[in-house]
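The values are calculated or read from the model by the stated rules, or taken from the named source; none is laboratory data. Worth saying up front: this structure is predicted, and the values here are computed from it rather than measured. Positions of Cβ are generated from backbone atoms using ideal geometry, with glycine treated the same way; all protein chains shown enter the neighbour counts.
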Amino acid sequence: MGFTVKQPGMLALLQDAGRFGQHRIGLTTGGPLDKRAFDLCNALLENPVGTTAVELSFGGLELVATEDTFICVTGADAPLTIAGEEQPLYTVLPVRAGDTVHLGFSENGCRSYLGVADGFKVTESFGSTSTVVREGIGGLQGGKLEAGDTLHCSAISTRKQLQLPAQHRPVYSDELTVRVIPGYQLSHFPRYQQRRFFSLPYTVSTRSDRMGYRMEGPEISCDIQGILSEGICLGAIQVPADGQPIVLLNDRQTIGGYPKIGAALSLDLALLAQLRPGQQVHFTPISQHEAHNALHLAANNNVTALFEDLGT
Amino acid sequence: MRIHPAGENALIVYLGEAATPVVSAQVQALAEGLQQQLGADLIDVVPSYASLLVIYDPLTTDHMAVSRCIRAVVAQGTDTETGGGALIELPVYYHSEVGEDLESLAEAAQLSIDDVIGLHSGAEYRVYAIGFAPGFAYLGEVDERIAAPRLATPRQRVPRGAVAIADRQTAVYPAPSPGGWNLIGRCPIRMFDPDATPTMPVGVGDRVRFVPVTREEYLTLGGEL
């Protein structure tokens, strides 16, 4: 045993790093929307990269522990209590059997990651535990967490109580600039339309989910209506006939026939997925070279050196 | 061949402008060649009608190296057998009982129902792409006489096994889902079973032929009504 779900909140999903190498049979990747917050959660717990954690959208999760262990919550600002006592985020915290863990509704950002020492024990499907509800694959029977579900994990008696100091934590603002690698059908978007896309603001639509974030704003037109269906990568920005761009995320379909203007940088997708409907997005073009550099620099940023051990 | 950037760690390779068996075979050959050449640097590929999306590990390689590799594999050429992969026969119970659009499709095409069945089961199709949903195989191309546009209002729920036509494509629904294709029959074989090995009876590049079966045979093969 490990935890019993009392309240699952809006949308609680077990996620590991994602499901890769299965596009040929039509399976998407899934995985954490905010990869940085997910990675920090595992790093703080000293878990291997990609260890299974719970991704919670908009908060409202309540669990009861049935083992002694350690947890860590990262991502959106949301009030966390353990056995009724307020606790900090980005901190490894001890939990005793019988304790109630409650994560309230998020106030800033909307995706939280709740990890546990050594991870939740979930049987892999197609090489991954990531839950994709649309496909009914991963997690516990392919669905979101429900009240009464059991989350298995090991009893752990010692673990460093690491904390990421506040000044180093990701900041989720209500406005974001998303870097985009222009590509795919870019040449079918007239120059004027490209300029509009890369200079005018968009707002996040209420019809945004793990498949994609829909944008509302200036209509962008393309000189072709549709294309022969082709592969869609993470972050691809498709522009359907209504001219309103959709940034495709982790649960996107693997192929599609709408023209695409390019794809967003994954480092910015992590922040985009923390935006709520109504918040503002700007798009800015970067070259493949710049994207390559940005990814390498981010990978070499040794964040664990910043952790402080709070002791016991 | 054209190579375009797709994303931070992805390139899309266009091998032709239209879906033909030759282009489809080239897509297949490139996917296989890259798997051998790139090894662990290759994260995934998405073969489709006339393109291949190549997703690589941006921390171990880069778009320049991957482009070079794509060009080398394409330059090597392949004595592309357009015949394609394995031939898979799929039984279909064609009847308005399970194919709600069979009659209207025949009427619109000014054909008898038997003609529609004859044309659909008389051709050999190629698996051009798999996507939309796990195990959803896009097969082409149906005879232009039975090509039919998508429904104006998609159905909320199309049952598993539904055999359907949209334009010149045909498919078997792998799981219940909403759908706007014209339903003409039902296949008792599961197109996607996560617990089976292999999970799908077909792969991209394979050939498919539909074999008409009676209601009784359909039920014996495990079909549901």
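Of note:
- B:Val98 meets all of the listed conditions (1) in contact with a strand residue (DSSP E or B) (Cβ under 9 Å, 6 or more places away or on another chain); (2) farther than 30 Å from A:Pro285 by Cβ; (3) assigned to a helix (DSSP H, G or I) but one, namely (3).
- Hey, B:Ala133 touching a strand residue (DSSP E or B) at 6+ places or on another chain (Cβ under 9 Å), assigned to a strand (DSSP E or B) and surrounded by 15 or more Cβ atoms within 10 Å (Cβ to Cβ) or not: no
- Of the residues making up the stretch A:172-187, just one is more than 9 Å from chain B (Cβ to nearest Cβ), touching a residue at least 12 places away in the same chain (Cβ under 8 Å), in contact with a helix residue (DSSP H, G or I) (Cβ under 9 Å, 6 or more places away or on another chain) and outside any strand (DSSP E or B), namely A:Tyr172.
- Residues in the stretch A:30-50 that are within 12 Å of the chain's Cα centre (by Cα) and within 13 Å of chain B (Cβ to nearest Cβ): A:Gly30, A:Gly31, A:Lys35.
- Those residues of the stretch B:174-187 which are over 16 Å from the mean Cα position of the chain (by Cα) and not in a strand (DSSP E or B), in sequence order: B:Pro176, B:Gly180
- Count of the stretch B:11-47 residues which are among the polar types (S, T, N, Q), surrounded by fewer than 21 Cβ atoms within 10 Å (Cβ to Cβ) and either assigned to a loop (DSSP other than H, G, I, E, B) or within 11 Å of chain A (Cβ to nearest Cβ) (or both): 2
- Taking the listed residues A:Arg24, A:Arg36, the one that is outside the structural domain of A:Ala270 (by TED's automatic domain parsing), outside any strand (DSSP E or B), modelled with pLDDT under 95 and not polar (S, T, N, Q) is A:Arg24, with no other qualifying.
- The set of residues in the stretch B:178-212 being of a type in the set (A, V, I, L, M, F, W, C) and closer than 27 Å to B:Gln156 by Cα consists of B:Trp181, B:Leu183, B:Ile184, B:Cys187, B:Ile189, B:Met191, B:Phe192, B:Met200, B:Val202, B:Phe210.
- Whichever residue in the stretch A:66-88 is farther than 16 Å from A:Gln274 by Cα and among the hydrophobic types (A, V, I, L, M, F, W, C) and, among such residues, is nearest to the chain's Cα centre (by Cα): A:Cys72
- One residue alone among B:Val213, B:Val163, B:Val158, B:Val116 is closer than 25 Å to A:Gly231 by Cβ and among the β-branched types (Val, Ile, Thr), and that residue is B:Val158.
- Just one of the numbered conditions (1) in contact (Cβ under 8 Å) with a residue 40 or more places away in the chain; (2) more than 14 Å from every other protein chain (Cβ to nearest Cβ) is not true of A:Leu80: (1).
- Selection of the stretch B:203-222 for residues being surrounded by 19 or more Cβ atoms within 10 Å (Cβ to Cβ) and modelled with pLDDT of 95 or more yields B:Val208, B:Phe210, B:Val213, B:Tyr218.
- Among (1) within 30 Å of A:Ala305 (Cα to Cα); (2) in contact (Cβ under 8 Å) with a residue 24 or more places away in the chain; (3) not in a loop (DSSP other than H, G, I, E, B) - the single one A:Gly119 does not satisfy: (3)
- Count of the stretch A:135-155 residues which are assigned to a loop (DSSP other than H, G, I, E, B) and surrounded by fewer than 17 Cβ atoms within 10 Å (Cβ to Cβ): 8
- Of the residues examined, A:Thr123 is one that is modelled with pLDDT of 95 or more, over 17 Å from the mean Cα position of the chain (by Cα) and within 14 Å of chain B (Cβ to nearest Cβ).
- Wholly within the stretch A:188-255, strands (runs of 3 or more DSSP E) carrying at least 2 residues that are more than 12 Å from chain B (Cβ to nearest Cβ) and among the charged types (D, E, K, R): A:212-216
- Qualifying positions in the stretch A:87-113 - over 30 Å from A:Leu176 (Cα atoms) and either assigned to a strand (DSSP E or B) or modelled with pLDDT under 95 (or both): A:Leu93, A:Pro94, A:Val95, A:Thr100, A:Val101
- Qualifying residue in the stretch B:127-142 (condition: away from chain A (no Cβ under 14 Å) and in contact with a Phe, Trp or Tyr (Cβ under 8 Å, 6 or more places away or on another chain)): yes
- B:Ala50 being more than 28 Å from A:Gly127 (Cβ to Cβ), within 9 Å of chain A (Cβ to nearest Cβ) and touching a residue at least 60 places away in the same chain (Cβ under 8 Å): no
- Lone qualifier among B:Tyr93, B:Tyr56 - being surrounded by 22 or more Cβ atoms within 10 Å (Cβ to Cβ), away from every other protein chain (no Cβ under 14 Å) and modelled with pLDDT of 95 or more: B:Tyr93
- Filtering A:Ala263, A:Ala298, A:Ala294, A:Ala305 for residues that are more than 23 Å from the chain's Cα centre (by Cα) and either assigned to a loop (DSSP other than H, G, I, E, B) or of a type in the set (Gly, Ala, Ser) (or both) leaves a single hit, A:Ala305.
- Within the set B:Ala171, B:Ala152, B:Ala166, the sole residue that is at negative phi, modelled with pLDDT of 95 or more and either under 16 Å from the mean Cα position of the chain (by Cα) or in a loop (DSSP other than H, G, I, E, B) (or both) turns out to be B:Ala171.
- Within the stretch A:49-71, residues that are closer than 14 Å to A:Pro8 by Cα sit with their Cβ atoms under 7 Å from residues that are modelled with pLDDT under 95 and of a type in the set (S, T, N, Q), at 6+ positions apart or across chains, in these pairs: A:Phe58/A:Ser106; A:Gly59/A:Ser106.
- As for the stretch A:286-307, it holds no residue that is within 14 Å of chain B (Cβ to nearest Cβ), farther than 18 Å from A:Leu176 by Cα and of a type in the set (Val, Ile, Thr).
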